[in-house]
Each structure stands twice: as structure tokens, then as C-alpha cells.
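Accompanying notes for the structure given below.
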Amino acid sequence: MKKVVVGFSVLGFGMLFGCGQKQKEEVKTPEVIEQKKASESTEAPQVKEFVEGALYYKLAIADKEVNDFMQYAVEDPVQLTDLLEKYQKKTSPQTVTYLQEFFKNNPRFWVEYGQFPFIRNQVFVAGYEAVYKGEGLTYTYENKWNDLLNQGYAYLHGTVGMSSEVNLIFDKPYVGMEQMQVKIDTLNYNKTLTGKVKDIVGYQAQEVVYELKKEKRTAEFTRPERVVAYVSPSFNGAINKVLPFFVDEKNGVLALEIQVEKESNIKLTFEADAIVMRKLTEEETTILSTKAFFKTTDEQGVQAMRMRIAKIVATPRM
């Protein structure tokens, strides 16, 4: 796949074997949701361990008008100009005019942001194992990772054009490869523990700020300039290895505030808005399987995987 400017070549993240039969997944609405208004303090967090259950994340653009259209764009992500005209029936001429001006001023918006999973982000956790099920405008994907076995397994399905799918398998050295996720670590970022604590749906999370090192700003590969992560000691770090934004922390990440470009006002938020502790179903702990398997064992395999992904996932365009 063609590299996305922010370092998100969209897919594949650490997962494990244990694949299920292919079937259409319905988005589940949690029966019980712990919902509390986020608050900040400098008090030490009280830890309550999350053993098994589901986390429902939401990825959004801070600009509401743009974010709302992003959700609508899934209807036809490769004919966005025509879709924007139809969108006027669902909104107002003023909103469409605003969006037209926004996209005119940000001509690379769909290249830089269009492949993020804005449609669905679910994580199912059981001990040291995590399963991620997500959806972008032009693809769906699933990941499974086990921290004890240090193995990952993924399923990728392109939903635009000639539908294609593949399973990806890889070991620990290939988790968080930047063509697979946006990776946030101390190799590329300066890390600061602020001491602040935020309540996220009933769980205390510590604020950690990552700022991109100057020497890591390159034309070839642009990483997010600043990331504020909220890390909770209640969750195992296995969930980080399957999220689209892989923050290299020991404990689980519940929320992120992302400034992709230094000179841009476009900001992203990625936050769990529902967390449910419960017994998981078999469907939630397995991922889909196809006859097409692709295993990465070396750097040459990484390059081959990029090309394979590029043939499956389309970039939204206007």
C-alpha cells in the first residue's frame, strides 16, 4: 500500500491464531455502559483491574462538520465530490459550502486522514490477549495479539472495487511496524509524565505527552507531531498492540489526543466511550479466516506485505 503521510499504512497490527469462519459481523450495542463525565485531577489513580470484556472506542476529527461528513463518506468513498453534492439534502447549503472550502484548503486531507478507521473501533480483552475489530471507509480489518505467545494474526478485507482479502501472520519483531500502524515510542518521541489523571468511563488514566523529536521529522515519513495519551493501570498493554495507534506503554491506552501536523488545525481524538466488563463470546475472541495467508518473517517480507495491502485498501478521493 502506498504510505499514508502520517505513517499509517492502515493495517495489520499484532494478532494471534484462532480464526473463525467468515460471517458478517453486527456492531454490538453494549447492554451495560459505565458512562461518566471526564475529569482531570492530580490525585493518584485508584486501580481496579479489568480482566475480561469489551472496549468501544471512537475516532473523531475535532471539526464536527468534517467529522460528520467522514461518517457519511462511507457510502461512496471514491466519488466524494458527487457525494458532497448529495450530502446537501441531509444538511444545509452553508455546511456544504464550508466543507468545499475546507477540502480546497486541505487538498491532501483524504490522503493523510482518509485511511484511518473512522467507522468502527472495538477491542475485546481477556487477560493477556486482545482482539481488535475495526472499519475504515474502504476496508474492514481484525487483529488478534497474545502477549504471552508473542504472536499476532490479522484479517484484512477491501470493500471498494474488486473485493479482496488476506490473513497476515507475524511475530513480536513485526508488531507495530509503521506501515501497519501509527507507532508512538521513545525512539521517535520525547515522553513527559504530567502527573495529571483523567477519568475515562469510570477508569483512572494517567496523562502522558509524546512530542516528536526534531531529527525524526522527515519528508519520507511524517509522524504525528504531538500525542497526548491517557494510560490506565487497570488494563494490560496487550490492547495497545492491536489499536490503530500503537503507543508503546506497559499499561492500556484508553484515549488519545493527536496533532498530526505542526502547522495544521486538524486534530484527532481516539477515546473509549464505553467499557463493559463481561464474559466474551467465541465470535468476539476469533477473527475471520481466508485461504490467502501471508506471513512476515524478515524485512523483505515487510516490503512484500506493503504491496499486498496496497492492492486491497483504496484511498478515498475527491
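The values are calculated or read from the model by the stated rules, or taken from the named source; none is laboratory data. Here the structure is a predicted model, which means the values were calculated and not measured. Don't worry about glycine lacking a Cβ; one is built from the backbone with ideal geometry, like all the others, and counts go over all protein chains shown. For accessibility, only protein heavy atoms count, side chains too; no ligands or nucleic acids. Shrake-Rupley method; radii C 1.70, N 1.55, O 1.52, S 1.80 Å.
On inspection, Ile184 passes the criterion of being farther than 15 Å from Glu129 by Cα, among the β-branched types (Val, Ile, Thr), open to solvent by less than 50 Å² (accessible area, probe 1.4 Å) and at pLDDT 90 or above.
Applying the selection to the range 47-73, what residues are β-branched (Val, Ile, Thr) and surrounded by 18 or more Cβ atoms within 10 Å (Cβ to Cβ)? Result: Ile61, Val66.
Considering only residues that are in a loop (DSSP other than H, G, I, E, B) and under 24 Å from Gly237 (Cβ atoms), which ones fall in the range 148-171? Across the range 148-171, the qualifying residues are Leu148, Leu149, Asn150.
When the range 166-177 is filtered for residues that are surrounded by fewer than 17 Cβ atoms within 10 Å (Cβ to Cβ) and either of a type in the set (Asp, Glu) or modelled with pLDDT of 85 or more (or both), only Asp171 remains. In the range 37-64, the residues that are closer than 16 Å to Lys133 by Cβ form Cβ pairs under 8 Å with partners that are charged (D, E, K, R) and modelled with pLDDT under 95, at six or more places apart or across chains, as follows: Ala54/Lys28. Total residues in the range 289-306 satisfying the condition of being open to solvent by less than 40 Å² (accessible area, probe 1.4 Å) and either in a loop (DSSP other than H, G, I, E, B) or modelled with pLDDT of 75 or more (or both): the figure is 5. Quick check on this structure: which one of Thr281, Thr286 is among the polar types (S, T, N, Q), modelled with pLDDT of 85 or more and open to solvent by 40 Å² or more (accessible area, probe 1.4 Å)? Residue meeting the stated conditions: Thr281. Within the range 67-91, residues that are acidic (Asp, Glu) sit with their Cβ atoms under 8 Å from residues that are outside any helix (DSSP H, G or I), at 6+ positions apart or across chains, in these pairs: Asp68/Thr91; Asp82/Asp76. Kindly evaluate Gly252 against the criterion of being small (Gly, Ala, Ser), under 20 Å from Phe50 (Cβ atoms), open to solvent by less than 70 Å² (accessible area, probe 1.4 Å) and in contact with a helix residue (DSSP H, G or I) (Cβ under 7 Å, 6 or more places away or on another chain). When the stated conditions are applied, Gly252 passes them. Taking the residues in the range 204-246 that are farther than 25 Å from Asn146 by Cβ and among the basic types (Lys, Arg) as candidates, determine which candidate is surrounded by the fewest Cβ atoms within 10 Å (Cβ to Cβ). Per the stated criteria, the residue is Lys214. Pairs meeting the criteria (first residue in the range 298-317 and small (Gly, Ala, Ser), second residue assigned to a loop (DSSP other than H, G, I, E, B) and open to solvent by 50 Å² or more (accessible area, probe 1.4 Å), beta carbons under 9 Å, at least 6 apart or on different chains) are Ala310/Lys2; Ala314/Thr159; Ala314/Gly161. Say whether the condition of being open to solvent by 20 Å² or more (accessible area, probe 1.4 Å), farther than 30 Å from Phe109 by Cα and in contact (Cβ under 8 Å) with a residue 24 or more places away in the chain is met by at least one residue in the range 255-277. Within the range 255-277 (the criterion being open to solvent by 20 Å² or more (accessible area, probe 1.4 Å), farther than 30 Å from Phe109 by Cα and in contact (Cβ under 8 Å) with a residue 24 or more places away in the chain), the answer is yes, since at least one residue qualifies.
Among residues that are of a type outside the set (D, E, K, R) and free of Cβ contacts under 8 Å to residues at least 12 places away in the same chain, Thr281 is included. For the range 94-118, the candidate set comprises residues that are without any contact (Cβ under 8 Å) to a residue 60 or more places away in the chain and open to solvent by less than 50 Å² (accessible area, probe 1.4 Å); within that set, the residue that is nearest to the chain's Cα centre (by Cα) is Phe118.
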